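This is the structure I want to talk about, given as structure tokens.
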Amino acid sequence: MECNTVNRDDAVYGRTVVDEKEGAASSPPGVAFIIKNKLDRCLSRKTLYRRLPCLTWLRSYNIECLVGDLIAGFTVGLMLIPQALAYGLVAGLPPSYGLYSAFVPCFVYFLLGSRNELNIGPTAIMSLMTYQYSGQGGGDYAVLLAFMAGIIELVAGIVNLGFLINFISLPVISGFTSAAAIIIASSQLKLLFGLRLKTKGLINTWVKVFSNIQDLRWQDLTLGLICIVVLFLLKEVRSVRWSCLDNNSRSLRQRVLRNTIFYVSVGRNAIVVIIASVIAYSLDGDDQPFTISGYVEPGIPTPSLPPFSTEINNQTITFTEIMNDIGIGVAMVPFIAILDLIAIVSVFAKGKTFDATQEIITLGVATTIGSFFGSIPITGGLSRSAVNETSGVRTPAGGLVTGVMVLLSLAFLTPCFTYIPKSTLAAVIICAVIHLIDYEILAPLWRGKKNDLVPLIVTFLACLLWGLEWGILLGIGVNLSMLLYSVATPTVIVTVVPPSSDSRGYVLVTPCHGLSFPSTSHIRGAVRKAGLRQAAGSLPVVIDCFCIDTVDYTSVKGIKGMIEEFQLRGQSLVFLGMKPRIIQIVQALHKDIRICSSFDVLPEALADGEAETGMESVECASRHKGENILIPAITSTPSPDTSDAANPLLTPTTFHDQK
């Protein structure tokens with residue numbers, strides 16, 4: 001029996017298994033075969049090195065990498081410790097919760113992380129998201145939220161759900177981060193003014209602060225404002241051109257000066273917190289002038305299961321009740337965490353490809369394990385990652401140094417944290433988030449595409465007035481609605497081509513985008529209008545299909561309806577440059593379709609009254625010189641006759657059907 005040769009490229013995998021040796025197609029594999037194949041792939045050497053990146057870079061680790069990682073890890077640690085204490089307060093919890101959230105991610109990222117620069121830990125946005133739920137049940141709610149968020153992030157990474165982030169545009173992200181920065185900074189006003197208030201939301205915070213402004217503590221306000229000024233000055237110290245500093249010199253003195261300026265700028269948070277704590281400690285007595293952090297629980301937390309139930313006012317709150325209280329936050333917290341993480345990794349990737357799935361899995365593992373040590377929800381920290389990069393980090397091992405510093409601070413330095421003024425921590429937070437207000441995006445959007453201002457403004461206002469989780473959902477909804485509207489109502493260009501010596505006159509209809517079920521009705525209406533108005537019900541209508549790559553059942557039914565409508569009217573309808581695969585789909589429903597393969601044979605086909613059915617694939621780049629009839633500026637007024645030079649068949653006036 002003769003056996004036909006079957007190429008691998010011709011095989012349809014998932015439906016038919018092809019035996020290349022025998023050349024015969026067998027039936028689809030069973031479930032056991034598929035499971036075994038998946039397990040073999042998961043346990044392969046390639047997958048192991050992909051999921052444990054440390055196995056790759058550890059083989060080439062040397063003394064230079066060690067020095068770079070030690071310096072970078074120590075530098076980031078100086079920045080992380082005061083930030084973590086402040087973010088614990090932002091979350092509405094004791095400062096120690098910020099430190100509990102800071103060390104586990106460093107160790108996890110050492111094993112699973114693929115980016116040298118990234119630092120995962122507590123952030124301002126995650127702390128603010130946590131604050132909306134910790135107020136109901138304290139630390140137990142926050143830790144359980146971190147556990148659930150970690151599980152969801154881990155599952156999202158395993159099933160490759162990271163692609164959903166692609167549906168969130170930059171204007172929506174900008175509106176969200178700007179609103180979050182304002183809310184976070186506003187939440188610190190009560191600490192800056194030394195007020196003891198319980199606030200919720202932006203408006204409520206401002207109303208209560210100014211309603212109780214007479215009770216402010218001038219000592220706290222003075223110290224906080226001084227700290228803000230000093231932090232801003234120290235941040236800019238590296239950008240100042242010092243007369244005593246020669247950046248090109250390699251002398252020991254110049255290196256010491258450069259390193260001193262660098263560490264003063266990078267470690268500004270630690271410097272300000274230490275000085276303010278010393279001042280508060282020296283003035284401590286019967287009348288402490290500042291509102292201090294107070295007792296911070298010493299010691300490294302003992303690992304334990306997350307609290308699946310808790311007690312509030314002597315009443316036991318079950319897991320189900322906690323989840324009902326948290327509500328949509330169970331989904332929104334990991335969603336925002338993944339969004340922030342991918343955005344930060346994209347910044348440092350600088351256009352290069354990266355494994356987003358691995359980063360999401362790493363975040364999920366770090367958040368889940370961290371919840372066993374009392375961690376709140378975490379994500380990537382932009383400012384710390386930037387410092388990590390500028391400090392010369394070589395590998396993810398720099399995080400080990402940072403994690404050890406956090407553990408040492410928990411073990412030995414917690415008595416010192418008692419005297420940290422809360423107004424100083426408020427100043428640290430305000431200076432950390434103020435740069436997140438993205439006002440620079442407004443001018444380019446106004447000059448470029450004003451429509452993108454709509455989702456930005458909607459997201460910004462909704463986050464401020466309604467809540468962060470609902471605001472970003474509303475912004476995404478508005479953005480997707482605008483996208484769907486543009487897909488459903490694509491621009492259709494209608495061009496009248498007058499008769500000439502070698503061609504009948506006709507009307508050319510050019511859809512500027514593909515043909516799909518949302519746009520079928522719009523394009524069909526445009527073709528009908530062109531056939532009755534510009535073609536006056538008698539001239540042939542030619543539909544330019546060169547850039548239509550896909551169709552679906554609804555759009556094919558629409559094509560069939562157009563053909564039947566033109567046949568009843570006795571008017572010619574020709575499809576120009578339709579792809580072979582689309583021809584096969586259309587002819588499956590309607591065989592009486594007139595197809596022309598290219599512009600070159602169109603005049604002859606129209607003169608003969610018949611169109612050839614050319615089945616060859618025609619790309620958009622192979623069109624004849626008349627392709628310039630696609631006028632970029634879609635207007636309803638007569639266009640200049642620059643198109644005449646490209647195609648002598650065109651008159652100076654072309655008509656365009658707008659959205």
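Any residue in the stretch 76-94 that is at positive phi and at pLDDT below 90 sitting within a Cβ distance under 8 Å of a residue that is buried (at least 24 other Cβ atoms within 10 Å of the Cβ) and of a type outside the set (D, E)? List the pairs, counting only those 6 or more apart or interchain.
G92/T130
So for the stretch 594-602 (the condition being at pLDDT below 55, among the polar types (S, T, N, Q) and surrounded by fewer than 18 Cβ atoms within 10 Å (Cβ to Cβ)), does at least one residue qualify? Before you say what the answer is, go through the steps one by one.
We begin by selecting, within the stretch 594-602, every residue at pLDDT below 55; these are none.
No, that holds for no residue.
What are the residues in the stretch 283-318 that are open to solvent by 60 Å² or more (accessible area, probe 1.4 Å), in contact (Cβ under 8 Å) with a residue 40 or more places away in the chain, closer than 30 Å to L192 by Cα and not aliphatic (A, V, I, L, M), if any?
D284, Y295, E297, P298
Next question, about the same structure. If you scan the stretch 426-441, which residues turn out to be closer than 17 Å to S178 by Cα and buried (at least 18 other Cβ atoms within 10 Å of the Cβ)? So that I can check it myself, show each step before the final result.
If we filter the stretch 426-441 for residues that are closer than 17 Å to S178 by Cα, which is where we start, we get 429-441.
Correct list: I429, I430, C431, A432, V433, L436, D438.
Among the residues in the stretch 187-210, are any out of contact with any strand residue (DSSP E or B) (no Cβ under 8 Å at 6 or more places or on another chain), of a type in the set (V, I, T), farther than 27 Å from I344 by Cα and not in a helix (DSSP H, G or I)?
Initial filter on the stretch 187-210 (out of contact with any strand residue (DSSP E or B) (no Cβ under 8 Å at 6 or more places or on another chain)): 187-210.
Now drop any that are not of a type in the set (V, I, T), which leaves 199, 203, 205, 207, 209.
Checking which are farther than 27 Å from I344 by Cα leaves us with 199, 203, 205, 207, 209.
If we keep only those that are not in a helix (DSSP H, G or I) as well, we get 199.
Looking for residues that are out of contact with any strand residue (DSSP E or B) (no Cβ under 8 Å at 6 or more places or on another chain), of a type in the set (V, I, T), farther than 27 Å from I344 by Cα and not in a helix (DSSP H, G or I), one finds at least one in the stretch 187-210, hence yes.
Report yes if F163 is in a helix (DSSP H, G or I) and at pLDDT 95 or above, otherwise no. Show your work before the answer.
On the way: in a helix (DSSP H, G or I): yes; at pLDDT 95 or above: no.
The answer is no for F163.
Restricting the search to the stretch 97-136, which residues are in a loop (DSSP other than H, G, I, E, B) and of a type in the set (F, W, Y)?
Our first condition is that a residue be in a loop (DSSP other than H, G, I, E, B); within the stretch 97-136, this holds for 101-103, 113-119, 122-123.
Listed by number, the list holds a single entry, F103.
Taking the stretch 260-276, which residues are of a type outside the set (S, T, N, Q) and open to solvent by 40 Å² or more (accessible area, probe 1.4 Å)?
So in the stretch 260-276, the residues of a type outside the set (S, T, N, Q) come out as 261-264, 266-268, 270-276.
Those that are of a type outside the set (S, T, N, Q) and open to solvent by 40 Å² or more (accessible area, probe 1.4 Å): Y263, V264, R268, I271, I274, I275.
Considering the stretch 417-436 alone, what residues qualify as being at pLDDT below 85 and either assigned to a loop (DSSP other than H, G, I, E, B) or under 20 Å from the mean Cα position of the chain (by Cα) (or both)?
Correct list: V433, H435, L436.
Which one of these is at pLDDT below 85 and surrounded by 18 or more Cβ atoms within 10 Å (Cβ to Cβ): L456, L508, L464, L468? Spell out how you get there, then give the answer.
Details: L456 fails: at pLDDT below 85; L508 fails: at pLDDT below 85; L464 fails: at pLDDT below 85.
Only one candidate qualifies: L468.
Answer with yes or no whether L145 is more than 28 Å from G398 (Cβ to Cβ), within 25 Å of the chain's Cα centre (by Cα) and crowded, with 24+ Cβ neighbours inside 10 Å.
Working: more than 28 Å from G398 (Cβ to Cβ): yes; within 25 Å of the chain's Cα centre (by Cα): yes; crowded, with 24+ Cβ neighbours inside 10 Å: yes.
The answer is yes for L145.
Specify the residue that is modelled with the lowest pLDDT; the eligible residues are those in the stretch 549-589 that are part of a loop (DSSP other than H, G, I, E, B) and either among the acidic types (D, E) or surrounded by 15 or more Cβ atoms within 10 Å (Cβ to Cβ) (or both). If you could, list the steps in order and put the result at the bottom.
Step one: of the stretch 549-589, the residues part of a loop (DSSP other than H, G, I, E, B) are 549-552, 570-572, 577-579.
Applying the additional criterion that residues be either among the acidic types (D, E) or surrounded by 15 or more Cβ atoms within 10 Å (Cβ to Cβ) (or both) yields 549, 551-552, 571-572, 577-579.
Working: D549: 80, V551: 83, D552: 83, Q571: 86, S572: 86, G577: 84, M578: 85, K579: 84.
Residue satisfying both the conditions and the ranking: D549.
Given the structure, is P444 open to solvent by 70 Å² or more (accessible area, probe 1.4 Å) and part of a helix (DSSP H, G or I)?
Numbers: open to solvent by 70 Å² or more (accessible area, probe 1.4 Å): no; part of a helix (DSSP H, G or I): yes.
So P444 does not fit the description; no.
For every residue, the table says whether it meets (1) of a type outside the set (D, E, K, R); (2) open to solvent by 20 Å² or more (accessible area, probe 1.4 Å); (3) in contact (Cβ under 8 Å) with a residue 60 or more places away in the chain; (4) in contact with a strand residue (DSSP E or B) (Cβ under 7 Å, 6 or more places away or on another chain).
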{"residue": "Y133", "(1), (2), (3), (4)": "yes, no, yes, no"}
{"residue": "G137", "(1), (2), (3), (4)": "yes, no, yes, yes"}
{"residue": "N160", "(1), (2), (3), (4)": "yes, yes, yes, no"}
{"residue": "I168", "(1), (2), (3), (4)": "yes, no, yes, no"}
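Something else about it: Output the helices (runs of 4 or more DSSP H) that fall wholly within the stretch 284-401 and possess 1 or more residues being aromatic (F, W, Y) and at pLDDT below 90, or say none.
Values: elements: 319-326, 329-349, 356-371, 382-390.
Where helices (runs of 4 or more DSSP H) fall fully within the stretch 284-401 and carry at least 1 residues being aromatic (F, W, Y) and at pLDDT below 90, they are 329-349.
Are there any pairs, at least 6 apart or on different chains, whose C-beta atoms fall under 8 Å, with the first in the stretch 392-406 and under 18 Å from I63 (Cα atoms) and of a type in the set (S, T, Y) and the second open to solvent by less than 30 Å² (accessible area, probe 1.4 Å) and not in a loop (DSSP other than H, G, I, E, B), and if so, which?
T395/C65; T395/D69
Here is a further query. If you scan the stretch 488-505, which residues turn out to be free of Cβ contacts under 8 Å to residues at least 60 places away in the same chain and open to solvent by 60 Å² or more (accessible area, probe 1.4 Å)? Don't jump to the end; show me each part of the working.
Step one: list which residues in the stretch 488-505 are free of Cβ contacts under 8 Å to residues at least 60 places away in the same chain, which gives 488, 499, 501, 505.
Once the filter is applied, which keeps residues that are free of Cβ contacts under 8 Å to residues at least 60 places away in the same chain and open to solvent by 60 Å² or more (accessible area, probe 1.4 Å), the stretch 488-505 yields P499, S501.
Sticking with this one: May I ask you to list the residues in the stretch 492-539 that are farther than 22 Å from I585 by Cα and touching a Gly at 6+ places or on another chain (Cβ under 8 Å)?
Selection gives V496, V497, P498, P499, V507, G531, G537, L539.
Next up: Among the residues of the stretch 454-474, which ones are aliphatic (A, V, I, L, M) and closer than 15 Å to K200 by Cα?
Of everything in the stretch 454-474, those that are aliphatic (A, V, I, L, M) and closer than 15 Å to K200 by Cα turn out to be L464, L465, L468.
So if I check each of L257, L231, L252, which one is exposed (fewer than 11 other Cβ atoms within 10 Å of the Cβ) and not polar (S, T, N, Q)? Working first, answer last.
Details: L257 fails: exposed (fewer than 11 other Cβ atoms within 10 Å of the Cβ); L231 fails: exposed (fewer than 11 other Cβ atoms within 10 Å of the Cβ).
After ruling out the rest, the residue left standing is L252.
Name the one entry in G514, G525 that is open to solvent by 10 Å² or more (accessible area, probe 1.4 Å), part of a helix (DSSP H, G or I) and over 21 Å from P603 (Cα atoms). Quick ask: steps written out before the conclusion?
Working: G514 fails: part of a helix (DSSP H, G or I).
The unique qualifying residue is G525.
Does the stretch 228-242 hold any residues that are more than 32 Å from the chain's Cα centre (by Cα) and part of a loop (DSSP other than H, G, I, E, B), and which are they?
Correct list: V240, R241, W242.
For residues that are in contact with a helix residue (DSSP H, G or I) (Cβ under 7 Å, 6 or more places away or on another chain) and among the small types (G, A, S), scanning just the stretch 509-520, find the one that is nearest to D552 (Cα to Cα).
For the stretch 509-520, the residue satisfying everything is S516.
Let me ask something else about it. Within the stretch 349-368, how many residues are open to solvent by 30 Å² or more (accessible area, probe 1.4 Å) and in contact with a Ser or Thr (Cβ under 8 Å, 6 or more places away or on another chain)?
Residues in the stretch 349-368 being open to solvent by 30 Å² or more (accessible area, probe 1.4 Å) and in contact with a Ser or Thr (Cβ under 8 Å, 6 or more places away or on another chain): 2 in total.
Next question, about the same structure. Please work out if G329 is within 30 Å of I361 (Cα to Cα), loosely packed, with under 11 Cβ neighbours inside 10 Å and in contact (Cβ under 8 Å) with a residue 12 or more places away in the chain. Spell out the reasoning first.
Working: within 30 Å of I361 (Cα to Cα): yes; loosely packed, with under 11 Cβ neighbours inside 10 Å: no; in contact (Cβ under 8 Å) with a residue 12 or more places away in the chain: yes.
No, not satisfied.
Being aromatic (F, W, Y) and free of Cβ contacts under 8 Å to residues at least 60 places away in the same chain is the filter here, so list the residues in the stretch 454-469 that pass it. Can you show your working first?
Applying the first criterion (aromatic (F, W, Y)) to the stretch 454-469 yields 460, 466.
Hit for the stretch 454-469 is W466, nothing else.
The values are calculated or read from the model by the stated rules, or taken from the named source; none is laboratory data. This one's a predicted model, so the numbers in the text were calculated from it and none came from an experiment. Note: ideal-geometry Cβ built from the backbone for every residue, glycine included; neighbour counts use all protein chains shown. These accessible areas exclude ligands, DNA and RNA; they are computed on the full protein's heavy atoms, side chains included. Shrake-Rupley method; radii C 1.70, N 1.55, O 1.52, S 1.80 Å.
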